Amino acid sequence: MMRQSLLWLSQQRNVFNFVRRNRLARKFAARFVAGETIEQGVAAAAELARRGITASLDLLGESVTQPAEAEAARDQYLTMLDRMAASAAEVNVSVKLTQMGLDIDEQLCQRNMRCILDRAKALGGFVRLDMEGSAYTRRTLDFFSQRLFPEYGAHCGVVIQSSLRRSAGDIGDLIAMRARVRLCKGAYLEPPAVAFPDKSDVDRSYIELMERLLEEGNYPGIATHDEAIVDHARKFVQRRGIAAERYEFQMLYGVRRDLQERLRAAGHRLRVYIPFGTQWYPYLMRRLAERPANIAFIMGNVLKESVARR
């Protein structure tokens, strides 16, 4: 019931308009979304850079239905790359293929992605393909490995979700390619035949995949806010003698900022994913709807951070 309600709310334009005008709602959203404009997103990345933390900018929006929408999103990414290069921030962005037109025409999507990657390559930057629901996993990996990686290898990477049963095989393929992988747990609500239904199994899968990537992978991104898993990773790299420059931790903007600071203070590399754009309200609602337990997760992490600062 809660999931359906959150999804319904995410689609209500009148509610969106009200929330965007509501001071308290905007203040809450500002903790997790950098703003609505490219300037605000780049400013957030530059501020993190001054604190020794790298960033990846993510323009909110996905599943576009018109070619013009995909091309407009492409153009915003091109501007974003240029603005990052002109700022103090490292040039690094995250892109969803459906935002670039994958569901409209794969050739359109490829043209848009090549434009973005050409610009990123010229600027010495990096583009990560975000992973969407399991219906897109095979399509995303095929698109990455066949259409992008052969030409842009060092400048592009992809995401793997430990919740999916297929991920061990995918990790093996990507390690063999020397592709850069961001490992996350996955927030999508998937059927048991596709994904592990129990959190303990998702965590076990994450740790197994993480250890393999740390030992054999090409600069993996360990994307988690789970402090127990972070501690496991820190002990693992110390025990195996894995140097800090061979991996990085990754976290979301506004989540566990206390843990982010502790990791940096301990000498670990850290990247923060910064979402921004006018679609911040649907983004928050959909993320909560994908797994309503995220409500408790977000509020719990806000509380942990508040306690840690006392």
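Quick note: the coordinates plus some simple rules give every number you see, no bench work behind them. Source: prediction; values computed, not measured. A quick note on method: Cβ atoms are made from the backbone with ideal geometry, for glycine too, and the neighbour counts reach across all protein chains shown.
Structure summary
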| read-out | value |
| --- | --- |
| Positive-end residue of SER205, ALA193, ASN218, charge dipole of the stretch 179-218 with Cβ unit charges | ASN218 |
| Extension gain from ALA244 to ARG31, taking 0.36 nm per residue of separation minus the Cα-Cα distance | 73.8 nm |
| Normalised alpha carbon radius of gyration of the stretch 34-276 [divisor 2.2 N^0.38 Å] | 0.97 |
| Ascending count of other beta-carbon atoms within 10 Å, so fewest first, for ILE274, ILE171 | ILE171, ILE274 |
| Amide H partners (placed H, <5 Å) of SER56, local residues excluded | VAL272, TYR273, ILE274 |
| Ranked list, fewest to most other Cβ atoms within 10 Å of each Cβ, for LYS185, LYS235 | LYS235, LYS185 |
| Across LYS96/LYS121; LYS121/LYS185; LYS96/LYS185, pairs whose alpha-carbon gap is larger than 27 Å | LYS121/LYS185 |
| Among VAL230, MET84, SER63 the positive-end extreme of the charge dipole of the stretch 34-276 (Cβ point charges) | VAL230 |
| Hydrodynamic radius by Kirkwood, which averages 1/r over all alpha carbon pairs of the stretch 37-112, in angstrom | 12.8 |
